[in-house]
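The values are calculated or read from the model by the stated rules, or taken from the named source; none is laboratory data. In this text, all values refer to a predicted model and were calculated from it rather than measured experimentally. In this analysis, Cβ positions are derived from the backbone assuming ideal geometry, glycine residues included, and neighbour counts consider all displayed protein chains.
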Amino acid sequence: MIVSKNNFDAPNLVPVPVIASFSPDGKVRPLYLKWDGESVKILGCKIRREHEWAILFECVYEQYGLEKNIILYFNLRDHAWFIQSGLSM
């Protein structure tokens, strides 16, 4: 039996394009998220949980003049961003 540790194989996660900032000491902060062809500005975020393979960010973003919350997953090994499937933004 082969078990994948790749988030791209996780049925509950969807890869999304994110523009992020990286500090000189390696800390990452998401700035923009692209969803359904629309660029969404992230107003602020905090780290919800850190693992050796991923960081979970709890973020506030603005869409159509409304502030909303989202959880972003950053896979440290694959350098890829994900959200949970079934999310309606």
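Numbers at a glance
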{"item": "Residue in the stretch 19-28 that is at pLDDT 95 or above and surrounded by 12 or more Cβ atoms within 10 Å (Cβ to Cβ) present", "result": "yes"}
{"item": "Those residues of the stretch 63-73 which are farther than 15 Å from ILE83 by Cα and exposed (fewer than 10 other Cβ atoms within 10 Å of the Cβ), in sequence order", "result": "TYR64, GLY65, LEU66"}
{"item": "Subset of the stretch 35-58 that is aromatic (Phe, Trp, Tyr) and touching a residue at least 40 places away in the same chain (Cβ under 8 Å) - its residue that is nearest to ILE83 (Cα to Cα)", "result": "TRP35"}
{"item": "Test: residue in the stretch 49-62 that is exposed (fewer than 12 other Cβ atoms within 10 Å of the Cβ) and closer than 16 Å to VAL16 by Cβ", "result": "no"}
{"item": "Output for the stretch 38-89, where each listed residue is within 20 Å of LYS27 (Cβ to Cβ) and in a loop (DSSP other than H, G, I, E, B)", "result": "HIS51, GLU52, TRP53, LEU76, ARG77, ASP78, HIS79"}
